[in-house]
Amino acid sequence: MSSPPRPQQLSAIASRVEKIAAGIKILDIHTHLYDPAFGELLLWGIDDLLVYHYLVAESFRYFDFPYEKFWSMPKTEQANRIWDALFIQNSPISEACRGVLTTLNALGLDVNKRDLEAVRKWFKQWKVDDYLSRCMELAGVERICMTNSPFDNVERPIWEKGFSRDSRFEAGLRIDPLLLDWQNTVPVLAGWGYQVEPTIKQRTLSEVRRFLSDWAERMHPRYAMVSLAPEFKFPSDGATALLLEKAVLPFCDEVGIPLALMMGVKRQVNPKLALAGDGVGQTDLSSLQNLCAGFPNNKFLVTVLARENQHELCVLARKFRNLHIFGCWWFTNVPEISTEMTRMRLELIGLSVTPQHSDARVLDQLIYKWRHSRAMIIKVLIEKYEELLQTGWHVTDAEIERDLKNLFGGAFNQFCAR
Ligand code: RAT
Ligand code: ZN
């Protein structure tokens, strides 16, 4: 039996991991950011940081005026109200508030002055292209996966016209309206020349596949993606399950891309909050089990929103190698839960996981989302290496580098390439 590790060995492993991690560049596999060619769709700057829907939801805990009044205000005024409620009248301790401060601090601003106008002035000096590079550098991110919807009326024409792609951005084909709102999507697809009917028969299925293939050709997406309600069932005779089985999965198989499922979102629990009005519910993961077992040639990238589903998801990943877990999504992206989830994932499925994506909607958020997540992931990994040390297993620098690369995008790339 080897002797227990000495304190210097433990602190040496921590500083070796931190040093190696500083040189690792991240592939952010799910964001709502855009290639600069999409113009105004790429949000950035202090006002967009403040009106982020995570902060809108938190502000309404303190606001006492009607929802409508807030929505009728110009963005700057909304940002002022949020700043006042969450940063001035109360200390900004929530994860989303801390995030704004981490971001401003990393950009070199003195947050302690509490001077919103000075921050606004500072942002005016930037041009988007330079600012994009600066944010990516401060976040340690080298590639960003977008969320691209053919159903978005602002985005679609830009794809149709064509543009020269920024190689730092990858596409993600988002298809929620197709799978979740079939009745209203039929006239839309018909208007674009696809011969589809509300009753799903063979012709309609092959037209949906043609639609998906046309968009795959345009976007070259890394995956197709849909978010699902807690009530999602598979198999079932509803439109979602039918389209999934007979159009989307065969399409993904043919093109060779995974299907990403974001499970457990209850849309519009409070519609008065708009984008901030969605909630969470537990999903019956036997539907996911049925998909993984029934479609072994398909690959599933999965994140679940409910904390209660996380353990079962890890167990499913142990049974099905066509399932890759990613991210601590949305309400789980708080240190208490993300640390627990990351530790559990590493303990159950080792390094065959992508522990985090940023879900950034505003460019600057890359900085805080990744600074916070990177620190959390490294902390958990160090713990695990220290436990290995107790057994006499010493990880080499090359092994540490390999493991970190896998956690920050390598495992995702390997899964997609299989
Ligand atoms: O996390 C979020 O920003 C949510 O609003 C959703 O966009 C979610 O991430 C999604 O992609 O559906
Ligand atoms: Zn998202």
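The values are calculated or read from the model by the stated rules, or taken from the named source; none is laboratory data. Here the structure is a predicted model, which means the values were calculated and not measured. Neighbour counts run over all protein chains shown; Cβ positions are idealised from the backbone, glycine included. What goes into the accessible areas is simple: the full protein's heavy atoms, side chains included, and nothing from ligands, DNA or RNA. Shrake-Rupley method; radii C 1.70, N 1.55, O 1.52, S 1.80 Å.
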Exercise. Scanning for something within 21 Å of the chain's Cα centre (by Cα) and within 16 Å of ligand 2 (Cβ to nearest atom), does the stretch 229-251 turn up at least one residue?
Worked result: yes
Problem set entry | Failed condition for LYS369, given (1) within 16 Å of ligand 1 (Cβ to nearest atom); (2) in contact (Cβ under 8 Å) with a residue 40 or more places away in the chain; (3) open to solvent by 10 Å² or more (accessible area, probe 1.4 Å) | (3)
Problem set entry | Matching residues, the stretch 193-228, being open to solvent by less than 30 Å² (accessible area, probe 1.4 Å) and within 16 Å of ligand 2 (Cβ to nearest atom) | PRO221, TYR223, ALA224, MET225, VAL226, SER227, LEU228
For this session: Determine if the stretch 165-174 includes at least one residue that is at pLDDT 95 or above, open to solvent by less than 80 Å² (accessible area, probe 1.4 Å), in contact with a helix residue (DSSP H, G or I) (Cβ under 7 Å, 6 or more places away or on another chain) and within 16 Å of ligand 2 (Cβ to nearest atom).
Result: yes
Problem set entry | Enumeration of residues in the stretch 33-58 that are under 20 Å from SER94 (Cβ atoms) and within 16 Å of ligand 1 (Cβ to nearest atom) | ASP48, LEU49, LEU50, VAL51, TYR52, HIS53, TYR54, LEU55, VAL56, ALA57, GLU58
For this session: May I ask you to list the residues in the stretch 268-308 that are within 30 Å of ILE82 (Cβ to Cβ), exposed (fewer than 14 other Cβ atoms within 10 Å of the Cβ) and touching a residue at least 40 places away in the same chain (Cβ under 8 Å)?
Result: LYS272, LEU275
Seminar exercise, completed: With criteria (1) out of contact with any strand residue (DSSP E or B) (no Cβ under 6 Å at 6 or more places or on another chain); (2) part of a helix (DSSP H, G or I); (3) touching a residue at least 24 places away in the same chain (Cβ under 8 Å), ALA317 comes up short on (1)
Exercise. Is it true that LYS75 is touching a helix residue (DSSP H, G or I) at 6+ places or on another chain (Cβ under 8 Å) and open to solvent by 50 Å² or more (accessible area, probe 1.4 Å)?
Worked result: yes
For this session: Please tell me if ASP47 is more than 16 Å from ligand 2 (Cβ to nearest atom) and touching a strand residue (DSSP E or B) at 6+ places or on another chain (Cβ under 9 Å).
Result: no
For this session: Would you check which residues across the stretch 326-350 are assigned to a loop (DSSP other than H, G, I, E, B) and within 13 Å of ligand 1 (Cβ to nearest atom) and list them?
Result: GLY327, CYS328, TRP329, ASN333, VAL334
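Could you count how many residues in the stretch 43-57 are of a type in the set (Val, Ile, Thr) and closer than 18 Å to ASN105 by Cβ?
Summing the residues that are of a type in the set (Val, Ile, Thr) and closer than 18 Å to ASN105 by Cβ in the stretch 43-57 gives 1.
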For this session: Confirm whether ILE158 is of a type in the set (A, V, I, L, M, F, W, C), modelled with pLDDT of 95 or more and either within 16 Å of ligand 1 (Cβ to nearest atom) or not in a helix (DSSP H, G or I) (or both).
Result: no
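Can you name every residue in the stretch 78-101 that is open to solvent by less than 70 Å² (accessible area, probe 1.4 Å), part of a helix (DSSP H, G or I) and either modelled with pLDDT under 95 or not hydrophobic (A, V, I, L, M, F, W, C) (or both)?
Matches in the stretch 78-101: GLN78, ASN80, ASP84, GLU95, GLY99.
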Exercise. Which of the residues that make up the stretch 243-267 are closer than 16 Å to SER213 by Cβ and open to solvent by 10 Å² or more (accessible area, probe 1.4 Å)?
Worked result: LYS246, PRO250, ASP253, GLU254, VAL255, GLY256, ILE257
For this session: Consider THR240 carefully, then state whether it is in a helix (DSSP H, G or I) and open to solvent by less than 30 Å² (accessible area, probe 1.4 Å).
Result: no
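Can you go through VAL362, VAL380, VAL353, VAL395 and tell me which one is crowded, with 17+ Cβ neighbours inside 10 Å and either over 25 Å from ALA14 (Cα atoms) or within 16 Å of ligand 1 (Cβ to nearest atom) (or both)? Spell out the reasoning first.
Values: VAL380 fails: either over 25 Å from ALA14 (Cα atoms) or within 16 Å of ligand 1 (Cβ to nearest atom) (or both); VAL353 fails: either over 25 Å from ALA14 (Cα atoms) or within 16 Å of ligand 1 (Cβ to nearest atom) (or both); VAL395 fails: either over 25 Å from ALA14 (Cα atoms) or within 16 Å of ligand 1 (Cβ to nearest atom) (or both).
Answer to the selection: VAL362.
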